[in-house]
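Engineer: Sending over a structure as C-alpha cells; questions will come in a sec.
The values are calculated or read from the model by the stated rules, or taken from the named source; none is laboratory data. Just so it is clear, the model here is predicted, and its values are computed rather than measured. Virtual Cβ from ideal backbone geometry, glycine too; neighbours counted across all protein chains shown.
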Amino acid sequence: MESKRRTVAELVTERWGDHRPGLWCEGRILTHHQVAASAAARAALLGDLLPPGAEPHVGVLLDNTPEYPMWLGAASLAGAAVAGINPTRRGPELARDILHTECRVLITERAHLPLLGGLELPGVRVLVTDTDSYADLLAPYEGTKPDASGATPDDRLLLLFTSGSTGAPKAAICTQGRLAAAGQSLVDHFGIRPGDTHYICMPMFHGNAVIADWAPALAAGAGIALRRRFSASGFLADVRACGATYFTYVGRAVQYILATPARPDDRDNPLRLGFGTEAGVVDAGAFERRFGVRLVEGYGSSEGGAAIQRTPDTPPGAVGRAAPRDDLAVVDPGTRAECPPAAFTDDGRLLNGSEAIGELVNRGPNPFEGYWRNPAAEAARKRDNWYWTGDLFYRDTAGFLYFAGRTDDRLRVDSENLAAAMIENILARYEEAAAVAVYAVPDPVAGDQVMATLSLHSGTFDPLAFAEFLLEQPDLGTKMAPRFVRIVKHMPVTATNKIHRVALRREGFRCPEPVWWRPPGEAAYRPLREADVADLLGQYRDRGREELLTR
C-alpha cells in the first residue's frame, strides 16, 4: 500500500514544541520551535500582504541567513511558493526573474538593496529583513501557531531557476509533495538522524542547498547551520563550531577547500558525509584522505526528472544505478538508439567514449512538474514521452552510470564527438593542475577544437612537461589534446561555484590571460601571439565563420 504523501508544511509544524537547538548562524542559535514559530508568523503576514487573486509567489533575494529557511517554511504553511532570486544577476535580467515568476512580495536585506536601484518592479512589495520597519511589520503576528491543514502535496513550493546557459533562466516547479519525498529519500538513503546537523554553505537560491541539504534535515528533525556565503577558509572552523555531520557541495567548492593549507588536525572534525556533484574522483579521494570524510557524488536536477542512486558496490567514478522507479537509458539523441556499453582498460579508463557516451533519458514515469510559464521548454524536456535530461552519460555492463558532462559541453572534432567532462577528468591528473575546464572553440574550417583553461599550483605553465603528460595518458584520444591552453590565476565561477563555461567559451582564445597553442601539424605548445590571433581571425573570415567566435 502506497504511503500517504506528506507536505513540507507538516514537517515544519512537527517542529513546534521541539526546543532542541535547530539553527546556527553567525553565533546565533535558535531552537526548532523558534524556527517553526517564526515561519508561522511570516505565513500569517504573507496571507495579509498578497493581493486577492495574485499568484502566491514570494521572491527571496537573501544570502544564507535565518530568514531564508523561515520564509521557506512560511511559504509551505501559506500554500505559497518561493522563487529563489540569484544575487549575481543584474539590471534587466534581475528584474526579469522577479517579474517572470510573478512575485508580489520580495524579501531582501540591506546588503542587496543596491541591486534593486533603478529597477521597475510594478506591483512588487519589497520587505527588508534587517530593518526596524520589518520587525514592526511582523510584531502583530508573533505567537502564531503553525497550521498545516490547508497545505496539499500538490501545492507549488519552489520556483528554482536553472543556470540559463542557453537563454533566459527557466523556473522549474517543485511542489511540497516532491520536496518532502526527496528529503525523506535522502534521510533513508544516508541514515540521517535527528541529532545530526546539516551545514548549508551552498546558496539557498539553488536547488542543491534546499533539496539535498535543508529538506532532509527538516524531514529527519535534524538541525541546520548556515554560512552566509561559502568560504573555503572558514569551512572547517564552521563544521567544528556547530558539530556539523553532513554537508552538500556543487562545482569547485571541494577543490577550494583542498586548496587551503593542510593542518595536522584536519581529520579532527565531526563530519560523516558530503553529498554533491562535480567533485571528481581525484578530489574526492584527496578530500577523504585529508579530512577522513567520504564524499558521495549524486545525480539529480531541480526538475527532478531522473534520479541515480549510489549503492555500496558502485565502482570508482560511477554515480550509481537508476533509482527503482526510473527507466534510465543512455541514447544517441539523433537515432534514439541505446549506446553500447562502455569498454575500460584494466585500470578503469574509458576506451570507447565516442560510441558509449550519449544523452541520459528517463523512459518511464517521472516527477518532472514543468517550468513556470514556459511550455516550449517543457516540450523540449519531455519529447516522445521520454524525459531528456540534457546530460551526457555512459553505462557499464553492470548498469552503473558515469557522468560525462552536459550536452552543450559536447565537442565535435574532425567529425568525432567528444565530451568535455571526459577530457577534464584526464587533465585533472596533471599534478600542476589546481582546476581544469574544457570547452569547445570553433574550428576555422568545420566543427570544433578543444580548448582548456588551467589554474596551476605554481602559477607557471611548462609547455614541455604538459605535452609529455598528454603523451603518457593511454585514454587520451587522438582528438582530445587541447589545441589552446589558457592559464588563469583563479578559475571563473558562477554564484553556485560551478565553472563559468559560458564566459570561457565566449572569450575563447581572445582573452586577457596567456594562451598557449599547438598550431596544426605541430606537437609542441608555444605562446599564442597577436600575429597568430590576427592570422586565425583571417582564416575564420575567409570561411564565413567569424561570427561563431562570439556565441
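Engineer: Give Ala465, Ala446 a once-over and let me know the one that is touching a residue at least 24 places away in the same chain (Cβ under 8 Å), under 21 Å from Arg518 (Cβ atoms) and in the same structural domain as Ile499 (by TED's automatic domain parsing). Steps first, please.
Structural biologist: Details: Ala446 fails: touching a residue at least 24 places away in the same chain (Cβ under 8 Å).
Going through Ala465, Ala446 in turn, the sole match is Ala465.
Engineer: Now, a different point. Can you name the residue in segment 301-325 that is at positive phi and touching a helix residue (DSSP H, G or I) at 6+ places or on another chain (Cβ under 8 Å) and is also modelled with the highest pLDDT among such residues?
Structural biologist: Step one: filter segment 301-325 for residues at positive phi, giving 304, 317, 320.
After this cut, where a residue has to be touching a helix residue (DSSP H, G or I) at 6+ places or on another chain (Cβ under 8 Å) as well, the list is 304, 317.
Working: Gly304: 87, Gly317: 80.
Per the stated criteria, the residue is Gly304.
Engineer: Can you name the number of the only condition in (1) crowded, with 24+ Cβ neighbours inside 10 Å; (2) under 28 Å from Gly27 (Cα atoms) that Cys174 fails?
Structural biologist: The single condition Cys174 does not satisfy is (2).
Engineer: Next up: Determine the pairs where a residue that is in the same structural domain as Ala467 (by TED's automatic domain parsing), located within segment 524-539, has a partner that is in a strand (DSSP E or B) and among the β-branched types (Val, Ile, Thr) with Cβ atoms under 8 Å apart, the partner being 6 or more residues away or on another chain.
Structural biologist: So the pair list comes out as Tyr525/Val485; Pro527/Val515; Leu528/Val515.
Engineer: Let me ask something else about it. From the list Arg395, Arg410, Arg349, which one is at pLDDT below 95 and either under 25 Å from the mean Cα position of the chain (by Cα) or of a type in the set (Ser, Thr, Tyr) (or both)? First the steps, then the outcome.
Structural biologist: Numbers: Arg395 fails: at pLDDT below 95; Arg349 fails: either under 25 Å from the mean Cα position of the chain (by Cα) or of a type in the set (Ser, Thr, Tyr) (or both).
That would be Arg410, the only listed residue that is at pLDDT below 95 and either under 25 Å from the mean Cα position of the chain (by Cα) or of a type in the set (Ser, Thr, Tyr) (or both).
Engineer: Only residues in segment 232-248 that are of a type in the set (Val, Ile, Thr) count as the first member; pair them with residues that are assigned to a loop (DSSP other than H, G, I, E, B), Cβ under 7 angstrom, at least 6 apart or cross-chain, and list the lot.
Structural biologist: Val239/Asn269; Val239/Pro270; Val239/Leu271; Thr245/Asp196; Thr245/Pro270; Thr245/Leu271; Thr245/Arg272; Thr248/Met202
Engineer: Could you grab me the full set of residues in segment 263-283 that are closer than 20 Å to Arg240 by Cα and charged (D, E, K, R)?
Structural biologist: Arg263, Asp265, Asp266, Arg267, Asp268, Arg272
Engineer: Also, quick follow-up: Pick from Arg526, Arg505, Arg541, Arg545: which is crowded, with 20+ Cβ neighbours inside 10 Å, of a type in the set (Lys, Arg) and over 28 Å from Thr345 (Cβ atoms)? Even if it seems obvious, please write down each step before you answer.
Structural biologist: Working: Arg526 fails: crowded, with 20+ Cβ neighbours inside 10 Å; Arg541 fails: crowded, with 20+ Cβ neighbours inside 10 Å; Arg545 fails: crowded, with 20+ Cβ neighbours inside 10 Å.
Going through Arg526, Arg505, Arg541, Arg545 in turn, just one is crowded, with 20+ Cβ neighbours inside 10 Å, of a type in the set (Lys, Arg) and over 28 Å from Thr345 (Cβ atoms): Arg505.
Engineer: Still on this structure, I have one more. Only one of (1) within 23 Å of Gly298 (Cα to Cα); (2) touching a helix residue (DSSP H, G or I) at 6+ places or on another chain (Cβ under 9 Å) fails for Arg373. Which number is that?
Structural biologist: (1)
Engineer: Go through segment 201-230 and give me each residue that's within 19 Å of the chain's Cα centre (by Cα) and either in the same structural domain as Trp16 (by TED's automatic domain parsing) or over 24 Å from Gly305 (Cα atoms) (or both).
Structural biologist: Cys201, Leu226, Arg227, Arg228, Arg229, Phe230
Engineer: Continuing with this model, one more query. Is it the case, given these coordinates, that Arg252 is closer than 21 Å to Val82 by Cβ and not assigned by TED's automatic domain parsing to the domain that holds Arg15?
Structural biologist: Details: closer than 21 Å to Val82 by Cβ: no; not assigned by TED's automatic domain parsing to the domain that holds Arg15: yes.
Against the criterion (closer than 21 Å to Val82 by Cβ and not assigned by TED's automatic domain parsing to the domain that holds Arg15), Arg252 does not qualify.
Engineer: Give, as residue ranges, the helices (runs of 4 or more DSSP H) completely inside segment 458-551 that count at least 2 residues that are among the charged types (D, E, K, R).
Structural biologist: Details: elements: 463-471, 501-507, 530-542.
Once the helices (runs of 4 or more DSSP H) in segment 458-551 are filtered for at least 2 residues that are among the charged types (D, E, K, R), what remains is 501-507, 530-542.
Engineer: Right, next: Looking only at segment 95-122, filter to residues that are hydrophobic (A, V, I, L, M, F, W, C) and in a helix (DSSP H, G or I); which one of those is surrounded by the most Cβ atoms within 10 Å (Cβ to Cβ)? Let's see the steps before the verdict.
Structural biologist: Within segment 95-122, the first condition is being hydrophobic (A, V, I, L, M, F, W, C), and the residues that meet it are 95, 98-99, 103, 105-107, 111, 113, 115-116, 119, 121.
Cutting the leftovers down to in a helix (DSSP H, G or I) gives us 95, 98-99, 111, 113, 115-116.
Working: Ala95: 18, Ile98: 21, Leu99: 17, Ala111: 15, Leu113: 13, Leu115: 18, Leu116: 17.
Within segment 95-122, the match that is surrounded by the most Cβ atoms within 10 Å (Cβ to Cβ) is Ile98.
Engineer: Taking the conditions exactly as written (more than 17 Å from Tyr68 (Cα to Cα) and aromatic (Phe, Trp, Tyr)), does Phe190 satisfy them or not?
Structural biologist: Numbers: more than 17 Å from Tyr68 (Cα to Cα): yes; aromatic (Phe, Trp, Tyr): yes.
Judged against the criteria, Phe190 is a match.
Engineer: Residues of segment 431-457 being in a loop (DSSP other than H, G, I, E, B) and either of a type in the set (Ser, Thr, Tyr) or over 30 Å from Arg545 (Cβ atoms) (or both), which ones? So that I can check it myself, show each step before the final result.
Structural biologist: Keep residues of segment 431-457 that are in a loop (DSSP other than H, G, I, E, B), which gives 431-432, 443-447, 457.
Those that are in a loop (DSSP other than H, G, I, E, B) and either of a type in the set (Ser, Thr, Tyr) or over 30 Å from Arg545 (Cβ atoms) (or both): Glu431, Glu432, His457.
Engineer: OK, next. Kindly indicate whether Met480 is closer than 15 Å to Arg510 by Cα and in contact (Cβ under 8 Å) with a residue 40 or more places away in the chain. I'd like the intermediate steps shown before the answer.
Structural biologist: Details: closer than 15 Å to Arg510 by Cα: no; in contact (Cβ under 8 Å) with a residue 40 or more places away in the chain: yes.
For Met480, the condition - closer than 15 Å to Arg510 by Cα and in contact (Cβ under 8 Å) with a residue 40 or more places away in the chain - is not met.
Engineer: Let me ask something additional. Would it be correct to say that Asp188 is of a type outside the set (Lys, Arg) and without any contact (Cβ under 8 Å) to a residue 24 or more places away in the chain? Show your work before the answer.
Structural biologist: Working: of a type outside the set (Lys, Arg): yes; without any contact (Cβ under 8 Å) to a residue 24 or more places away in the chain: yes.
It is true that Asp188 is of a type outside the set (Lys, Arg) and without any contact (Cβ under 8 Å) to a residue 24 or more places away in the chain.
Engineer: Tally time: how many residues in segment 93-114 are farther than 21 Å from Lys498 by Cβ and in contact with a Leu (Cβ under 8 Å, 6 or more places away or on another chain)?
Structural biologist: Number of matching residues: 11.
Engineer: On the given criteria, is Thr131 within 27 Å of Arg227 (Cβ to Cβ) and in contact with a Cys (Cβ under 9 Å, 6 or more places away or on another chain)?
Structural biologist: For Thr131, the condition - within 27 Å of Arg227 (Cβ to Cβ) and in contact with a Cys (Cβ under 9 Å, 6 or more places away or on another chain) - is not met.
Engineer: Identify all residues within segment 360-373 that are more than 12 Å from Gly305 (Cβ to Cβ) and under 21 Å from the mean Cα position of the chain (by Cα); write none if there are none. Let's see the steps before the verdict.
Structural biologist: The first filter runs over segment 360-373 and keeps only residues more than 12 Å from Gly305 (Cβ to Cβ), leaving 372-373.
Trp372, the sole residue that qualifies.
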